[in-house]
Amino acid sequence: MEKGLAMSAPPTEYPLPRLPLGEYRLVFRYDPPLRLPAHAGFAWRGAFGAALKSTVCVVAGAECTACMLRHSCAYSLIFETPAPPEAPKMRRYQRIPHPFALRVQPAGASTEGNHALGVILFGYANRQLPYVLHALRRAGERGITSMRRPFFLQRVEQRDVQGAWQVIYDPDAGQLRAHPPITPPLPPMPERLTVRWQTPFRGKAEDDLVTPERFRFHHFFGPLLRRISMLTAFHADNPLETDFAGLMRRAREVEVTESSLHWRELTRYSSRQKTLMRMGGLLGAFDVSMAGLEALWPYLWLGQWTLAGKGTSMGLGAYRIEVPSLPV
């Protein structure tokens, strides 16, 4: 057994969450080099949505909510994501979670002509992969920055079960060879771990944003559990059925042992609301002792792909679990 690892398994009353997903990476080239926005996910999401709608929408000018194709159109399913009529779990919500999340390069990173954009598709959304890739390619060629410099797609890669990136699409060859989506395999639970935010985490407690001073472990685990539950319920064949109240009781008992959290403010312009919106959240890291937390471990691990909190489709709420000998 590797140092720091315990061969613990979740108790049988807490079944493992199963969420097949595809993790993709699009590598773009642009010239000359430029400095990307503080969080490129905002620009990419908007450009992606516009390109996807112009690609697949056959009822130009119609609102998705009134369209007879809203439950079959790739744009509606990915960006509007209406709840199925027979879905009782979401009666109090207008929409279900979007079946994708973006992964962007570090904030403000200066690149030398190459830009990698990560896209994670959950469950059924992987059936729409050709539309997603085509739309992102078009979005890049139109340019995502205010200067509208074009991004040219060089290749698309997919991460396999071993964690290696495999080229699945070359624009010159023109053939897409994607692998079936999988649920990331769960490694043994470590004795302790560090959760490190890569992009700001926006969580709420009693209708207020969680600040570094107010942060508690359950402020993070609650939204994560809810997100994984909804993704499995509406975008996969294996809806999560577990003791949610029991998991949250355990999460509220967890003490953060070390914390270096701080607030990072971000803003984005909303074309729909015609205003500048604040999108800041928590960055930094916190440590947790995992003794007795076997039931929580599968969600913490899977959350590295689902992301957590608000703005996940824009790439917010991305984190990595750091444990020596457990690279992701």
* **1.4 Å probe accessible area per residue over the chain, in Å²** => 49
* Within-10-Å neighbourhood charge of Leu209 [Cβ basis; K, R +1; D, E -1] -> +3
* Structure fact -> Comparing Pro185, Pro97, Pro298 in a Gaussian network model of the chain (Cα, 10 Å), the one with the largest mean-square fluctuation is Pro185
* Structure fact -> Relative contact order of the stretch 213-327 (C-alpha contacts under 8 Å, at least 6 apart) in percent is 24
* Which value, in Å² rounded to 10, gives the accessible area of Arg148 with a 1.4 Å probe and all protein chains present? -> 140
* Of the residues Pro15, Pro190, Pro99, which exhibits the maximal mean-square fluctuation in a Gaussian network model of the chain defined by a 10 Å Cα contact cut-off? -> Pro15
* To do: Considering Cα pairs under 8 angstrom that are at least six residues apart, work out the relative contact order of the chain and quote it in whole percent.
  => 26
* Leaving ligands, DNA and RNA out of it, work out the accessible area of Glu191 with a 1.4 Å probe and give it in Å² to the nearest 10. => 110
* Based on alpha-carbon positions alone, could you give the equivalent ellipsoid semi-axes of the chain from the gyration tensor, as √(5λ), descending, whole Å? => 31, 23, 21
* To do: Express the carbon and sulfur contribution to the solvent-accessible surface of the chain as a percent, rounded to the nearest whole number, probe 1.4 angstrom.
  => 50
* Once you've got the GNM for the chain with C-alpha springs shorter than 10 Å, pick whichever of Gly163, Gly284, Gly49 has the biggest mean-square fluctuation. => Gly163
* Lys204 - accessible surface, heavy atoms, 1.4 Å probe, Å² rounded to 10 -> 110
* **Span from the the stretch 240-319 Cα centroid across to the the stretch 133-211 one, whole angstrom** => 17
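The values are calculated or read from the model by the stated rules, or taken from the named source; none is laboratory data. All of these numbers come straight from a predicted model, not from anything done at the bench. So basically every Cβ, Gly included, is an ideal-geometry build from the backbone, and we count neighbours across all protein chains shown. Note: areas computed on protein heavy atoms with side chains; ligands, DNA, RNA excluded. Shrake-Rupley method; radii C 1.70, N 1.55, O 1.52, S 1.80 Å.
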